[in-house]
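Peer 1: Okay, here's the structure, questions in a sec.
The values are calculated or read from the model by the stated rules, or taken from the named source; none is laboratory data. All values derive from a computational prediction rather than experimental measurement. Here Cβ is always computed from backbone atoms with ideal geometry, including for glycine, and neighbour counts include all displayed protein chains. Protein only, heavy atoms only, side chains kept; ligands, DNA and RNA dropped before computing areas. Shrake-Rupley method; radii C 1.70, N 1.55, O 1.52, S 1.80 Å.
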Amino acid sequence: MKYEIYIQERKKLQKFCKKAIAEYEKRLSRYCKISCKFVKKEKEWNSLLTKDTGMKKLLVQPGKAELTSEKLSDQLKKWEGSGMKGVMFFVPEWNEEATDKFAEQGTDPIEPLVLSDFTMSSNMTGMVLYEQIYRGYRILHNHPYHK
């Protein structure tokens, strides 16, 4: 399975986030193909949202989190078995304007994905997304993962 994570970077990436993302990319390489790109320009961000890639698009946003690690693991399994090309995750720097902006974008539907009840910086959210995907694959393959 192929995952592409696009993180909107308005502020400089914190070192611990960068290190954690690199570590999770290394760990996840045994389960899937995953890549991360930091998007700084608004034009590039809009282009990615509207581009027809044939991949499932998910918008990572704050809200009431109902996605447990076990549910995400089940979802990973469904995606792998579906034959789809891959999944694109969009992690914006969240504010009031973002909700309206993303509702208007693209021809393909962009589904919401809520990881946490907290509103975090895009860098932190990207790091948490990597951790949750890693945790999901550990559960899926019956490997230990602390709670």
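Peer 1: Using a 1.4 angstrom probe on the protein heavy atoms only, could you order Phe90, Phe16, Phe38, Phe118 from most to least accessible area?
Peer 2: Details: Phe90 0, Phe16 110, Phe38 65, Phe118 155 Å².
In descending accessible area the options line up as Phe118, Phe16, Phe38, Phe90.
Peer 1: Out of Ser69, Ser121, Ser47, any idea which swings most in a Gaussian network model of the chain, alpha carbons joined below 10 Å?
Peer 2: Answer for the Gaussian network model of the chain: Ser47.
Peer 1: For the Cα atoms of the chain, what angle does the longest principal axis make with the long axis of helix 69-82, in degrees from 0 to 90, nearest 10?
Peer 2: 80
Peer 1: Which ³J(HN,Hα) values, rounded to whole Hz and listed in residue order, are derived for segment 56-68 from phi using the Karplus coefficients 6.51, -1.76 and 1.60 in 6.51 cos²θ - 1.76 cosθ + 1.60 with θ = phi - 60°, glycine and proline given as x?
Peer 2: 5, 10, 10, 9, 7, 9, x, x, 7, 6, 10, 8, 8
Peer 1: Could you tell me the calculated FRET efficiency between Thr53 and Asp74, based on Cβ-Cβ distance and R0 = 35 angstrom, to the nearest 0.05?
Peer 2: Working: r = 24 Å, r/R0 = 0.69.
The value I calculate is 0.90.
Peer 1: Here is a further query. Under 8 Å for C-alpha pairs, at least 6 residues apart: give me the relative contact order for the chain, rounded to a whole percent. Could the numbers behind the result be given before it?
Peer 2: On the way: 220 pairs, mean separation 55.0, N = 147.
So the answer I get is 37 percent.
Peer 1: Still on this structure, I have one more. Whose amide H sits under 5 Å from the amide H of Gly86, counting only residues 5 or more places off or on another chain, with H placed in the peptide plane?
Peer 2: Lys56
Peer 1: Order Trp45, Trp94 by their accessible area, 1.4 angstrom probe, all chains in place, largest first.
Peer 2: Numbers: Trp45 0, Trp94 55 Å².
Output order, biggest surface exposure first: Trp94, Trp45.
Peer 1: Taking only the Cα atoms of the chain, how large is their convex hull per residue, in Å³? Kindly include the intermediate steps, with their values, before the conclusion.
Peer 2: Numbers: hull volume 16.2 nm³, N = 147.
About 110 Å³ per residue, rounded to a whole number.
Peer 1: Going by alpha carbons, how many degrees (0 to 90, nearest 10) lie between the helix axis of 15-28 and the longest principal axis of the chain?
Peer 2: Taking the Cα atoms of the chain, the angle to 15-28 is about 50 degrees.
Peer 1: Val114: accessible area at probe 1.4 Å, nearest 10 Å²?
Peer 2: Looks like 30 Å² after rounding.
Peer 1: Tell me, what ³J(HN,Hα) does each residue in segment 111-124 have, in order and in whole Hz, if you take phi through Karplus 6.51 cos²θ - 1.76 cosθ + 1.60 with θ = phi - 60° and put x for Gly and Pro?
Peer 2: 7, x, 9, 10, 9, 8, 6, 8, 9, 10, 5, 4, 4, 5
Peer 1: Mind listing the long-range amide H neighbours of Leu59? Cut-off is under 5 Å, sequence gap 5 or more, other chains count too, H placed in the peptide plane at 1.01 Å from N.
Peer 2: Placed amide hydrogens put Phe90, Glu111, Leu113 under 5 Å from Leu59.
Peer 1: Quick one: length gained pulling Lys37 to Glu93 fully straight, 0.36 nm per residue minus the C-alpha distance?
Peer 2: Computed gain between Lys37 and Glu93 is 18.8 nm.
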